[in-house]
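Q: Structure below; questions to follow.
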Amino acid sequence: MKRRKILILCIDAGSHDYLAASDLPNINELAKSGFYVHANAVIPSVTNVNNVSIATGTFPERHGITTNYHVDRITGKGEFIEDNRFLLEPTLFEAAKACKFADKTALFVTKKKLLRMLEAGTDIAVAAESPPPEYIRTVGRVEPIYSVEINWWLLRAVREILRTDNPELVYCSTTDWVQHKYAPDDDLSQQHLAELDRIIGDIIDDEPEREIYITADHGMLAKTTAIDPGRVLREHGIPASAIPIIKDRYVAHHGNLGGAAYVFLKDRANITQAIQVLLNTPGIEEAHSAEDAAGTFRLHHERIGDIFVLADKTTVFGELESAVEPTAVRSHGSRHESYVPIIGYNSPWSATDFEYNVDVGRLFLESLR
């Protein structure tokens, strides 16, 4: 019996509008030969939450990663989530090793933080942001994290390891600097995806029988208004603070402005009044208590704020000098960036088996049992 070999590629912010706007003959051929699903991302639609969901095959209620920036609700201390200390579920790599599906597993990511979060169970783990010297020798010099070229380097590195080490399970995740800066119809956006498509074609030519899944962690949209929900509440006499879920060290991507935030109240007795104030604020589309948010969005109830807020299509949340400010940024985090593709090639499953990007990991885990 022929052994399964799988490549999962998460194109950061690789939503339908970006794919549709570009000339992608190889990806289109994969979809034609296999399937293309209009699926859902996990909400909040940010990188940490969705990559961990795919790479563990579970929702945040189980794996515990609900944000890019964790705030301890008891101490009030905050820290970036950049390693696996908060991860509560095993990775696909660990599962593949435990059941002897794979002799060799590999993780290729652009951002170092994802490497540290997901590397458990891998034999090969590479971050393009800081690659091992031997990869510079074989793949070439890598460009900075804030460049289009870094994702091309990453996928070339994946191709190289597939040709030399041939791991059975490979997970690859790019970064979304390009989409944060450029709309789908901009030349650089199209060049970015066209080169990724070309390398994907080379990977297929090298090994046409490998299972391939291409999905995204979220979409990307232009924003014109920024709101600080904590300031909004304080101006209404309710002591509170708010942290945008997108908050991380890659400020050049998004300016720490995103379409979802956790609100922390000094006194939880104010929660009903606070939710009403937030819902009456133009630009805030939804406001959920922690209990409702955990149930509705399958979030870990101990790792979210007292209130979960989601923005409308043109609004982002941040820690601001004013309650409301004009902005000009491309970002994500809300429902409006939560629709993603799933493309499957050589898959034992059909399009109807996929509803969320999480299902790429979930179905793989179920096949191991």
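The values are calculated or read from the model by the stated rules, or taken from the named source; none is laboratory data. In this text, all values refer to a predicted model and were calculated from it rather than measured experimentally. A quick note on method: Cβ atoms are made from the backbone with ideal geometry, for glycine too, and the neighbour counts reach across all protein chains shown. Only protein heavy atoms, including side chains, enter the accessible area calculation; ligands, DNA and RNA are left aside. Shrake-Rupley method; radii C 1.70, N 1.55, O 1.52, S 1.80 Å.
Q: Inspect all residues belonging to segment 123-138 and state whether any of them is under 18 Å from residue 198 (Cα atoms), among the hydrophobic types (A, V, I, L, M, F, W, C) and touching a helix residue (DSSP H, G or I) at 6+ places or on another chain (Cβ under 8 Å).
A: Within segment 123-138, none of the residues are under 18 Å from residue 198 (Cα atoms), among the hydrophobic types (A, V, I, L, M, F, W, C) and touching a helix residue (DSSP H, G or I) at 6+ places or on another chain (Cβ under 8 Å).
Q: Residues that are out of contact with any Phe, Trp or Tyr (no Cβ under 8 Å at 6 or more places or on another chain), in a helix (DSSP H, G or I), open to solvent by 10 Å² or more (accessible area, probe 1.4 Å) and over 30 Å from residue 263 (Cβ atoms): does segment 32-42 have at least one?
A: For segment 32-42, residues out of contact with any Phe, Trp or Tyr (no Cβ under 8 Å at 6 or more places or on another chain), in a helix (DSSP H, G or I), open to solvent by 10 Å² or more (accessible area, probe 1.4 Å) and over 30 Å from residue 263 (Cβ atoms): present.
Q: Consider segment 333-346. How many of its residues are touching a Leu at 6+ places or on another chain (Cβ under 7 Å) and not in a strand (DSSP E or B)?
A: Total satisfying the criteria: 4.
Q: Return the residue satisfying two criteria in turn: it lies in segment 289-327 and is in a strand (DSSP E or B) and open to solvent by 60 Å² or more (accessible area, probe 1.4 Å), and of such residues it is farthest from residue 273 (Cα to Cα).
A: The residue in question is 326.
Q: Can you tell me which of 84, 40, 68 is under 15 Å from the mean Cα position of the chain (by Cα) and over 17 Å from residue 344 (Cβ atoms)?
A: 68
Q: Please find, within segment 223-270, the residue that is surrounded by the most Cβ atoms within 10 Å (Cβ to Cβ) out of those that are out of contact with any strand residue (DSSP E or B) (no Cβ under 6 Å at 6 or more places or on another chain), among the aliphatic types (A, V, I, L, M) and in a helix (DSSP H, G or I).
A: 232
A quick yes/no check of all residues on (1) open to solvent by less than 20 Å² (accessible area, probe 1.4 Å); (2) touching a His at 6+ places or on another chain (Cβ under 8 Å); (3) in a helix (DSSP H, G or I); (4) of a type outside the set (D, E, K, R):
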residue	(1), (2), (3), (4)
90	no, no, no, yes
103	no, no, no, no
108	yes, no, no, yes
113	yes, no, yes, no
116	no, no, yes, no
121	no, no, no, yes
135	no, no, yes, yes
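Q: Scan segment 1-31 for residues that are farther than 16 Å from residue 357 by Cα, touching a residue at least 12 places away in the same chain (Cβ under 8 Å) and not in a helix (DSSP H, G or I) and jot them down.
A: Selection gives 2, 3, 4, 5, 22, 23, 24.
Q: In addition: Determine whether segment 207-216 contains at least one residue that is among the basic types (Lys, Arg) and either in contact with a strand residue (DSSP E or B) (Cβ under 6 Å, 6 or more places away or on another chain) or open to solvent by less than 20 Å² (accessible area, probe 1.4 Å) (or both).
A: yes
Q: When the residues of segment 177-206 are narrowed to those that are in contact with a strand residue (DSSP E or B) (Cβ under 9 Å, 6 or more places away or on another chain) and not in a helix (DSSP H, G or I), which ends up most open to solvent (accessible area, probe 1.4 Å)?
A: 182
Q: Oh, and also: Counting only residues that are out of contact with any helix residue (DSSP H, G or I) (no Cβ under 8 Å at 6 or more places or on another chain) and open to solvent by less than 50 Å² (accessible area, probe 1.4 Å), how many does segment 51-75 have?
A: Number satisfying all stated conditions: 2.
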